[in-house]
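The values are calculated or read from the model by the stated rules, or taken from the named source; none is laboratory data. All values derive from a computational prediction rather than experimental measurement. Please note: Cβ atoms are built from the backbone with ideal geometry, for glycine as well, and neighbour counts cover all protein chains shown.
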Amino acid sequence: MIVYFNGQMMPKDEVRISPEDRGFVFGDGVYEVIRVYAGKLFESDAHLKRLARSLRELRIGYDGVARLEGISHRLLVENGLEAEDAAVYIQITRGTAPRKHAFPPADTPPTVYVSAYAFDPPEKEWKKGVKIILVPDIRWTRCDIKTVALVPNVLAAQQAAEAGAKEAVFVRDGAVAEGAHTNFAAVFNGEVRTAPYSNLILPGTTRNVAIPLCRELGIPVLEFPILQHELKAADEAMIWGTTTEVMPVVQIDDWQVGDGTPGPITRRLQEAFAGRVSAL
Ligand SMILES: Cc1ncc(COP(=O)(O)O)c(C=O)c1O
């Protein structure tokens, strides 16, 4: 596998990251995952814009964001993925310096890593729907930054895996925030509802495709908090994410959503999303 590391294409096995890398020591870095359909990057502008914002918010100086799309294409070619279903992973940390919490000297170069890998779409789950669990949101209050410091998400995802669920969805102060790696939406009386954008959720690229798609389809959509106690009244639920796309949720904890099968609005949104992908 050929990857990009600090300015060079090289075999993945030859990448050497210092034990003093701030990503390793502090989780002091940001990342993005971009989906690739038949060799074409989906929503790359939105992902790279969000990456630039994450870097800005963490004050990590990296001037190469504009080059990352070209690097991603080259990696797809180098790895024989130019016509495949794949994903691109980008990670940038604050670089390598002796361990000290405050920033290293301003001339410390960031560590930049990009890889492209084949991706197997979760076709069966898209058809059947998945189970999620609700967990307390123990994360910090800058969930709008896509940082690699993901331990709360890791713990939540493990709890989901142990419960036989696809995703753990965080609840903060009685309101449903988002999943450990997805945004969450539910349908009440024909209206799609999802948490409003704030510092408590990631501005999901899939969310930013799905909301306008709802409007195009004439499906009412509201960015307004979903309270945990309202959830049992939801007719449908779904999670949205880059690798998850529009995924029906048919079970929450130990109860069924609607009749326990993917609902009609979720289906319409899935079809419209597929149409968007095939128009790439
Ligand atoms: C916490 C969290 N929320 C939401 C999302 C969905 O964002 P996107 O649609 O850009 O993949 C992700 C994606 O990884 C995430 O990690």
> Considering only region 194-213, how many residues are outside any helix (DSSP H, G or I), more than 12 Å from the chain's Cα centre (by Cα) and within 9 Å of the ligand (Cβ to nearest atom)?
Replying inline: 0
> (1) closer than 17 Å to LYS232 by Cα; (2) surrounded by fewer than 22 Cβ atoms within 10 Å (Cβ to Cβ); (3) aliphatic (A, V, I, L, M): which one isn't true of VAL151, the others all being true?
Replying inline: (1)
> Among the listed residues VAL221, VAL246, which satisfies the condition of being farther than 19 Å from ILE138 by Cβ, more than 15 Å from the ligand (Cβ to nearest atom), touching a helix residue (DSSP H, G or I) at 6+ places or on another chain (Cβ under 8 Å) and among the aliphatic types (A, V, I, L, M)?
Replying inline: VAL221
> Do you know which of the residues in region 32-59 that are in a helix (DSSP H, G or I) and touching a helix residue (DSSP H, G or I) at 6+ places or on another chain (Cβ under 8 Å) is surrounded by the most Cβ atoms within 10 Å (Cβ to Cβ)?
Replying inline: HIS47
> Mind checking which residues of region 107-150 are part of a loop (DSSP other than H, G, I, E, B) and more than 28 Å from ILE226 (Cα to Cα)?
Replying inline: ASP107, THR108, PRO109, PRO110, PHE119, ASP120, PRO121
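Please find, among GLU191, GLU162, GLU216, the residue that is more than 16 Å from the ligand (Cβ to nearest atom) and without any contact (Cβ under 8 Å) to a residue 24 or more places away in the chain. Even if it seems obvious, please write down each step before you answer.
Details: GLU191 fails: without any contact (Cβ under 8 Å) to a residue 24 or more places away in the chain; GLU216 fails: without any contact (Cβ under 8 Å) to a residue 24 or more places away in the chain.
It is GLU162.
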> Does GLU69 qualify as being surrounded by fewer than 18 Cβ atoms within 10 Å (Cβ to Cβ) and touching a helix residue (DSSP H, G or I) at 6+ places or on another chain (Cβ under 7 Å)?
Replying inline: yes
>> All but one of (1) of a type in the set (S, T, N, Q); (2) more than 16 Å from the ligand (Cβ to nearest atom); (3) in a helix (DSSP H, G or I) hold for SER72; state the number of the condition that does not hold.
In response: (2)
> For GLU230, which of the numbered conditions (1) surrounded by fewer than 17 Cβ atoms within 10 Å (Cβ to Cβ); (2) assigned to a loop (DSSP other than H, G, I, E, B) fails to hold?
Replying inline: (2)
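Just wondering, is there one or more residues in region 166-177 that are within 9 Å of the ligand (Cβ to nearest atom), closer than 18 Å to GLY263 by Cα and aromatic (Phe, Trp, Tyr)? Explain how you work it out, then say what you get.
Start the filter on region 166-177 by keeping residues that are within 9 Å of the ligand (Cβ to nearest atom), which leaves 170, 177.
Going one step further and asking which of them are closer than 18 Å to GLY263 by Cα, we end up with none.
Looking for residues that are within 9 Å of the ligand (Cβ to nearest atom), closer than 18 Å to GLY263 by Cα and aromatic (Phe, Trp, Tyr), one finds none in region 166-177, hence no.
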>> Go through region 178-188 and report how many residues are within 6 Å of the ligand (Cβ to nearest atom) and among the β-branched types (Val, Ile, Thr).
In response: 1
> Which of (1) more than 15 Å from the ligand (Cβ to nearest atom); (2) surrounded by 15 or more Cβ atoms within 10 Å (Cβ to Cβ); (3) among the aliphatic types (A, V, I, L, M) is the odd one out, the single condition ILE132 does not satisfy?
Replying inline: (1)
>> Among the residues of region 88-101, are any within 20 Å of the chain's Cα centre (by Cα), in the same structural domain as TYR31 (by TED's automatic domain parsing) and more than 23 Å from VAL148 (Cα to Cα)?
In response: no
> Somewhere in region 10-19, is a residue part of a strand (DSSP E or B) and touching a strand residue (DSSP E or B) at 6+ places or on another chain (Cβ under 8 Å)?
Replying inline: yes
